[in-house]
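These notes concern the structure reproduced below.
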Amino acid sequence: MKRTVAKLSVVPAYSAPSAAEYRRPVVAMQNVTKVFSNGTLALKDMSLEVKSGEFLSLLGPSGCGKSTALRIIAGLGGPSSGSIDWPSSKINSKGLPEGDVGFVFQEPTLMPWSTVFGNVYLPLKLRGVSKSAARDKVMEVLASVGLADFADAYPRELSGGMKMRVSIARAIVTRPKLLLMDEPFAALDEITRQKLNDDVLKLWEQSGLTVIFVTHSVFEASYLSNRIVVMRARPGQVFTDLAIEQPDIRDGAYRTSEAYRAICQTVSDALQGAIQAAAS
Amino acid sequence: MSEATANPTGNSADKGTDAAVAVLRPRVAVSERMLRILVPVIALATGIMIWHWAVVANEVPRYILPSPFDAVTALITDWGTLWPALTVTLRITFMALFLALVGGVALAIILVQSRWIELALYPFAVILQVTPMIAVAPLLLIYSPDTQTALLICSFIVAFFPILSNMTQGLKSVDHNLLNLFELYGARSWQTLLFLKIPASMPYFMAGLRIGGGLALIAAVVAEFAAGSAGQGSGLAFRLLESQFRLNLPRLFAALILLCCTGIAIFALTSFVSWLTLHRWHESALKREN
Ligand SMILES: Nc1ncnc2c1ncn2[C@@H]1O[C@H](COP(=O)(O)OP(=O)(O)OP(=O)(O)O)[C@@H](O)[C@H]1O
Ligand SMILES: [Mg+2]
């Protein structure tokens, strides 16, 4: 029997950020406004500074501009005005930090004609790394998402959760500083979702990644994040910025604890506030 | 007791049903698979027999309608005439198809680079596509250095468009998020083309290949009719016309049989190539298991 479920384990080449690096800003949105060509004002004057090592969730009602904000940070479609600053990264000609950003879309977005290995190898291939030189790296990342046995499988042979793991493996294979995730688990069932939540959390704890995680779910945001930015719609803006005190160990028991419930309550109230602000 | 030994694991009712199903299923499957082959074969054989019977019973003269037996005899005795003609037609068909593949793919790639190029070339594409090829054939015959070249051009034009339009469609319908992903990783445009757009358009390309292959043969035959060329290097269509003039109907039927088999072979070949390329990942070529 092949293992179909496994934990994201340590990615050895990562090291937790040093004390000096910690809390250093990784990326900062400065007064970003985004108007689409059809006149939609998606974001207005949004500012957000993300610090190294943060697990930041962007939470907000549908259509408030979460995806737009994430895509602008990733350099996919520039802002109409305002800027994105990368204080601690080398910038390439397009104003992007070369290789420092990983992106996980809502759908797995895998190339169906390519094997699991080929899909995870892609970011390195685009950078001119040869297949043999990349092999160890790719296999290591695949092992860390529990898919080492599936390197030669095609995406259609995988379950939804496994495809998402491949997508995560692809996003971290370049060892980015910043991992952007746009509702990555929204299409999955609750059990798989909780499992992947735990796995991403473990990855984050062990690697020192900085994560921006877009979600609709108060519970998901409350479980994962040490910072939750609640956005409001019309215009898309930061409504509240909540620092979350999380316990050292988050597990199944934590999901039913009073502390977790209290966080969910706070976050839920903030979200209600954001919705009302947009309605009035 | 005997029942218990026959079914040692117990739970006899369920197991019994399962076993019965297990025994029955393959039989149903095998006989159905046999029928799937047998029914069309029998139908075809019946059709040929009716043809034969109609000719014999009504004493139809050979120069009006030959029996299938006459047609096959002509195929064998006239092989020395028909085979060279077939190779001529095949050469034109495959050269036209090859040129259409290269040209269609190359032009599609150029077209999708810029909307302006596409707009500029659009009227030419429409004119070439909507004008019936047979109407252009006389003109081509005048301008071409020889008849074979004119036939090749006709066949090429006809096979070219399905390949061009399918390939263009394919190159344009790449998953938007995958394009974003390539952009995110700073892919050069040749990388996006080679690693993303071309693989993604393979199913479309294969559809174009299957259509283009069939059309290339049809166009090669039709163009030869229009040319009505004589003498050396004449294809099967010329032999068809010639047989018609001479009222050599058995040979005409033999030529038709050859053309029919060629068409089937081209279809089988292109379908096989398509299966070979796509079967590992694309829905159209997958065996459904659910
Ligand atoms: N390409 C586009 N062209 C025009 N308008 C767009 C485009 N993309 C998004 N929008 C608009 O911008 C606003 C914000 O969209 P966005 O996708 O960022 O919302 P979201 O918060 O991610 O929503 P959801 O939670 O449903 O994914 C919406 O009003 C949407 O209609
Ligand atoms: Mg979104």
What order do you get for B:123-130, B:90-97, B:102-109 when each peptide is scored by the mean count of other beta carbon atoms within 10 Å, highest first?
B:90-97, B:102-109, B:123-130
Pull up the cross-link candidates among the aspartates and glutamates for A:K195, meaning alpha carbon to alpha carbon under 14 Å and not fewer than 8 places away within one chain.
A:E220, A:D251
How much net charge surrounds B:N177 when only other residues with a Cβ under 10 Å from its Cβ are counted (Lys, Arg +1; Asp, Glu -1)?
-3
Using only the C-alpha atoms of the stretch A:101-176, find the volume of their convex hull and express it per residue in Å³.
81
Given C-alpha coordinates of chain A, what is the ratio Rg to Rh with the Kirkwood estimate of Rh?
0.96
Provide the net charge surrounding B:C154, with neighbours chosen by a C-beta distance below 15 Å and charges set as Lys +1, Arg +1, Asp -1, Glu -1.
-1
With each pseudo-label sitting 7 Å past Cα toward Cβ, what's the A:A186-A:S268 distance in nm, one decimal?
2.1
With the 8 Å Cα cutoff and a minimum separation of six or more residues, the stretch B:148-286 has a relative contact order in percent of 27
Got a number for the accessible area of B:H176? Probe 1.4 Å, square angstrom, nearest 10.
120
Whole Å is fine, so just give me how far the alpha carbon centre of the stretch A:133-188 lies from that of the stretch B:231-283.
49
Whole-Hz couplings from phi, Karplus 6.51/-1.76/1.60, listed for the stretch B:62-67; x for Gly and Pro
4, 6, 9, 9, x, 7
When every protein chain stays in place and a 1.4 Å probe is rolled, B:W190, B:W275, A:W204 sorted by accessible area with the largest first are B:W190, B:W275, A:W204
GNM on chain A, Cα springs under 10 Å; top mean-square fluctuation among A:G128, A:G65, A:G75 goes to A:G128
Those aspartates and glutamates that a straight Cα-Cα span of less than 12 Å connects to A:K177, excepting residues fewer than 8 apart in one chain
A:E21, A:E54, A:E98, A:D100
With the label point 7 Å along the Cα-to-beta-carbon line of B:F69 and a cut-off under 16 Å to each amide N, the hits in the stretch B:233-250 are B:250
Aspartates and glutamates within cross-link reach of A:K131: Cα-Cα under 15 Å, excluding same-chain residues under 8 positions apart?
A:E140, A:D152
Projected label distance in nm at B:I76 and A:V35, using a 7 Å step from Cα toward the beta-carbon
8.5
How large is the convex hull of the C-alpha atoms of the stretch B:156-257 per residue, in Å³?
107
Taking K and R as +1 and D and E as -1, what net charge do the other residues with C-beta under 13 Å from the C-beta of A:Y260 add up to?
-1
The stretch B:65-86 versus the stretch B:158-201: alpha-carbon centroid distance in Å:
47
Rounded to the nearest 10 degrees, the helix A:190-207 long axis (Cα) sits at an angle to the longest Cα principal axis of chain A of 80
Output wanted: per-residue J couplings in Hz (rounded whole) for the stretch A:152-162, from phi through Karplus 6.51 cos²θ - 1.76 cosθ + 1.60, θ = phi - 60°, x for Gly and Pro.
9, 7, 8, x, 5, 8, 9, 7, x, x, 5
Treat each spin label as a single point 7 Å out from the Cα along the C-beta direction, and report the A:D45 to B:E32 distance in nm.
6.9
Could you go through the stretch B:253-259 in sequence order and give the Karplus-derived ³J(HN,Hα) for each residue, using 6.51 cos²θ - 1.76 cosθ + 1.60 with θ = phi - 60°, rounded to whole Hz, and x for Gly and Pro?
5, 4, 5, 4, 4, 4, 4
Largest-first principal axis extents of the Cα set of the stretch B:67-285 (Å)
69, 40, 22
Let me know the charge dipole size of chain A about its Cα centre in debye, to the nearest 20, where only the beta-carbon of Lys, Arg (+1) and Asp, Glu (-1) is charged.
680
Averaging sequence separations of C-alpha pairs under 8 Å and six or more residues apart, then dividing by the length of the stretch A:101-176, give the relative contact order as a whole percent.
49
Mean separation of Cα pairs under 8 Å and 6+ residues apart, divided by the residue count of chain A: what relative contact order is that in percent?
27
Any idea of A:T256's accessible area? Nearest 10 Å², probe 1.4 Å.
120
Please report, in whole Å³, the volume per residue of the convex hull around the C-alpha atoms of the protein assembly as shown.
272
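The values are calculated or read from the model by the stated rules, or taken from the named source; none is laboratory data. Fair warning: this is a prediction, and the values are worked out from it, not measured in the lab. Note that we place each Cβ from the backbone using ideal geometry, even for glycine, and neighbour counts take in every protein chain shown. In case anyone asks, the SASA skips ligands and DNA or RNA and just uses the protein heavy atoms, side chains included. Shrake-Rupley method; radii C 1.70, N 1.55, O 1.52, S 1.80 Å.
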